[in-house]
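Peer 1: Could you have a look at this structure, given as structure tokens, before my questions?
The values are calculated or read from the model by the stated rules, or taken from the named source; none is laboratory data. Note that the coordinates shown come from a computational prediction; the quantities given were computed from them, not determined experimentally. Neighbour counts are summed over all protein chains in view; Cβ atoms, including those assigned to glycine, are modelled from backbone coordinates with ideal geometry. Please note that ligands, DNA and RNA were not included when accessible areas were found on the heavy atoms of the full protein model with its side chains. Shrake-Rupley method; radii C 1.70, N 1.55, O 1.52, S 1.80 Å.
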Amino acid sequence: MVSIAEYTTDPKYTIKVLSERTGVRPVTLRAWERRYDLLNPDRLDNNYRLYSERDIQIIRWITHRMDEGLSISNAVREYRGLRAEGIWPEALPSVMAPEPTLAPRFPTSAYADQLYKALTGHNEAEAKKIVDATQSMYDIQAIFLEVFYPCLVEIGEAWYRGEIRIATEHFASAFIRGVLMNLLGAFPIYSTAPKILIGCAPEEFHEIAPLMLAVLLRRDGYQVEYLGADLPVDDLVFYAEDISPDMIILSASFEHSARPLYKMQALLDELPGQPKLGFGGRYFNENPSAREGMRGIFLGAGIDEAIQNVHDLLD
Ligand code: B12
């Protein structure tokens, strides 16, 4: 038998890998991290957590004790008791080989450029190859924020300068939307997890950021329903009354889309479960004073901040 101490503390795995190797959902891992201060992951500059092989073994040991009937708090207490005596528990026999990680050939910015070229050249097969390549090397959050996002910004700039056709911009955003919809469908839906509705404010058609948020929050174990573009507030409140979500998240890029949201939290407060309203998007980023009159919670300037804030609010 090998002691957990013999496993390396090199920080190299994302929370996704930790989750896959331990069978514990990311949302639960983060909750344990906060509540029990069990692991101490390193953080990259972009605030992503990185875990070690030893962290994986600690979580596997904890879940094994839970399988044997202990509550999480008792399993953690037992682990701490052993550690206080200077003892490292024995690692469980390995059931899974560590995930092979392909070394990235280029930085994410190079893939953003390649994707831009493929999409503006209407070369769907090449765009697909690029996305497949990034998926074998990077976490999807990095792909969204460091490949898709800059690529779309560049497409927006080229459209603004009149260098590409509207058809090209539509082709590119439809392609990326398609990739995101496939990913959304690929993650399991946990029917007991907090329920979140995500979509766009009225007359808002920029769907990609809220869709990215939907994918990443579903991956983290929330019960996410993605509702798409242009949602009328009153209908959404009725729907919330029907299905009692814990939270509704809406994106707005323009003032006319944001305006109807100002009354929304008051309407939600009248529902039995009082769902929280989370909001964000280009309009609120460019007009910080517009956040002030809004009831509800500004979830941050970007997707990464929003994910962290949702965890803080709902875990
Ligand atoms: C694709 C696109 C479209 C597509 C959208 C298709 C789809 N299914 O989503 C279509 C063709 C519909 C479209 C239409 C229009 N568009 Co447009 N569009 C774009 C483009 C190229 C990409 C948008 C995108 O997905 N970006 C990637 C995402 C990830 O970035 P993002 O939306 O900015 O989100 C970031 C933050 O705002 C934030 N965020 C966004 N939502 C949320 C939500 C929450 C809760 C949180 C916390 C954070 C958050 O997080 C993200 C970063 O992490 C942008 C260019 C650009 N710079 O983004 C122009 C752009 C946004 N569009 C623009 C314009 C002007 C329009 C139109 C008015 C054009 C027209 N005359 O018809 C219409 C308006 C439609 C409407 N009423 O919504 C301008 C906006 C300029 C401005 N400041 O007002 C841009 C910037 C283009 C440009 N360079 O001028 N568009």
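Peer 1: Compute the long axis of helix 303-314 from its Cα atoms, compare it with the longest principal axis of the Cα atoms of the chain, and write down the angle in degrees, 0 to 90, nearest 10.
Peer 2: Roughly 60 degrees between the two axes.
Peer 1: Under a cut-off of 21 Å between alpha-carbon atoms, report the lysines in cross-link reach of residue 117, not counting same-chain residues fewer than 8 places apart.
Peer 2: Straight-line reach from residue 117, under 21 Å: 128, 129.
Peer 1: While we're looking at this one, here's another question. Taking springs between alpha-carbon atoms closer than 10 angstrom, which of 290, 142, 252 fluctuates most in the Gaussian network model of the chain?
Peer 2: For the chain, modelled as a Gaussian network with Cα springs under 10 Å, the answer is 290.
Peer 1: On the protein heavy atoms, probe 1.4 angstrom, tell me the percent of accessible surface of the chain carried by carbon and sulfur. All intermediate terms of the calculation are to be shown ahead of the outcome.
Peer 2: Details: 8000 of 15690 Å².
Answer for the chain is 51 percent, counting heavy atoms of protein chains only.
Peer 1: Helix-only estimate, please: 222 nm mean residue ellipticity of the chain, summing -39500 (n - 2.57) across DSSP H runs of length 4 or more and dividing by its residues, to the nearest 500.
Peer 2: -15000 deg cm²/dmol
Peer 1: Please figure out what share of the DSSP beta bridges in the chain is antiparallel and state it in percent, rounded to the nearest 5. Kindly include the intermediate steps, with their values, before the conclusion.
Peer 2: Numbers: 4 of 21 bridges.
So the antiparallel bridges amount to about 20 percent of the total.
Peer 1: Pull out a ≥ b ≥ c, the square roots of the eigenvalues of the alpha-carbon gyration tensor of the range 4-84, then state rounded if a/c is under 1.5, prolate if not and a/b is larger than b/c, and oblate in the remaining case. Before the final figure, lay out each step's value.
Peer 2: Values: a/c = 1.71, a/b = 1.49, b/c = 1.15.
Prolate, since a/c reaches 1.5 and a/b exceeds b/c.
Peer 1: Taking the Cβ of residue 223 as the center, what net charge do the other residues with Cβ under 13 Å away carry, scoring Lys and Arg +1 and Asp and Glu -1? Show your work: numbers first, answer last.
Peer 2: Working: positive: 25, 195, 218, 219; negative: 220, 225, 246.
So the environment of residue 223 carries a net charge of +1.
Peer 1: Answer rounded, prolate or oblate for the chain, using the Cα gyration tensor with square roots of eigenvalues a ≥ b ≥ c: rounded when a/c is under 1.5, else prolate when a/b is larger than b/c, else oblate. All intermediate terms of the calculation are to be shown ahead of the outcome.
Peer 2: Numbers: a/c = 2.46, a/b = 1.37, b/c = 1.79.
Here the chain falls in the oblate category.
Peer 1: Residue by residue, what Karplus-based ³J(HN,Hα) values in Hz, rounded to whole numbers, does the range 272-286 have, using 6.51, -1.76 and 1.60 with θ = phi - 60° and x for Gly and Pro?
Peer 2: Going residue by residue, I get x, x, 6, x, 7, 9, x, 9, x, x, 3, 4, 6, 6, 7 Hz, with x marking Gly and Pro.
Peer 1: Starting from the 7 Å offset along Cα-to-Cβ, what nm value, one decimal, do you get for the label separation of residue 255 and residue 68?
Peer 2: About 6.5 nm separates the two model spin labels.
Peer 1: Once you charge only the Cβ atoms, +1 for Lys and Arg and -1 for Asp and Glu, what is the size of the charge dipole of the range 213-315 about its Cα centre, to the nearest 20 debye?
Peer 2: On the way: 8 positive and 17 negative charges, 48 e Å.
It comes to approximately 220 debye.
Peer 1: Projecting each Cα onto the charge dipole of the chain (Lys/Arg +1, Asp/Glu -1 at the beta carbon, about the Cα centre), which of 79, 310, 252 comes out farthest on the positive side?
Peer 2: It is 79.
Peer 1: With every protein chain present, what is the per residue accessible area of the chain (1.4 Å probe, Å²)?
Peer 2: Values: 15690 Å² over 315 residues.
Value for the chain: 50 Å² per residue.
Peer 1: Give the angle, between 0 and 90 degrees and rounded to the nearest 10, that separates the Cα long axis of helix 53-67 from the longest principal axis of the Cα atoms of the chain.
Peer 2: 80
Peer 1: Work out, step by step, the length gained on full extension between residue 182 and residue 274: first 0.36 nm times the residue separation, then minus their alpha carbon distance; give nm to one decimal. Walk me through the numbers on the way to the answer.
Peer 2: On the way: separation 92, 0.36 × 92 = 33.12 nm, distance 3.14 nm.
Taking 0.36 nm per residue and subtracting the Cα distance, the gain is 30.0 nm.
Peer 1: On a 0 to 90 degree scale, rounded to 10, what angle separates helix 208-219 from the longest Cα axis of the chain?
Peer 2: The angle comes out near 20 degrees.
Peer 1: For the peptides 74-81, 85-92, what is the packing order when you average, over each peptide's residues, the other Cβ atoms within 10 Å and list the highest mean first? Walk me through the intermediate numbers first.
Peer 2: On the way: 74-81: 15.6, 85-92: 14.0.
My ranking of the peptides, most packed first, is 74-81, 85-92.
Peer 1: For the chain, with only Lys/Arg (+1) and Asp/Glu (-1) charged at the beta-carbon, what is the dipole magnitude about the Cα centre, in debye rounded to 20? Present the calculation step by step, with values, prior to reporting the outcome.
Peer 2: Numbers: 31 positive and 45 negative charges, 105 e Å.
Computed charge dipole of the chain: roughly 500 debye.
Peer 1: Quick one: if the Förster radius is 25 Å, what FRET efficiency do residue 192 and residue 80 give, using the C-beta to C-beta distance and rounding to 0.05? Present the calculation step by step, with values, prior to reporting the outcome.
Peer 2: Details: r = 28 Å, r/R0 = 1.13.
Once the sixth-power term is evaluated, E becomes 0.35.
Peer 1: I've got another one for you. Determine which aspartates and glutamates satisfy two conditions relative to residue 195: a Cα distance under 17 Å, and not lying fewer than 8 residues away in the same chain.
Peer 2: Cross-link targets: 220, 225, 241, 242, 246, 269, 312, 315.
Peer 1: Does the range 162-315 classify as rounded, prolate or oblate by the C-alpha gyration tensor (a ≥ b ≥ c root eigenvalues; a/c under 1.5 gives rounded; else a/b over b/c gives prolate, otherwise oblate)?
Peer 2: Values: a/c = 1.69, a/b = 1.19, b/c = 1.42.
Oblate shape, in that a/c is at least 1.5 and b/c is the bigger or equal ratio.
Peer 1: I've got another one for you. Using a simple charge model, +1 on the beta-carbon of Lys and Arg, -1 on the beta-carbon of Asp and Glu, nothing else, what dipole does the range 4-84 show about its Cα centre, in debye to the nearest 20? Working shown, then result.
Peer 2: Numbers: 15 positive and 12 negative charges, 53 e Å.
Result for the range 4-84 is approximately 260 debye, rounded to the nearest 20.
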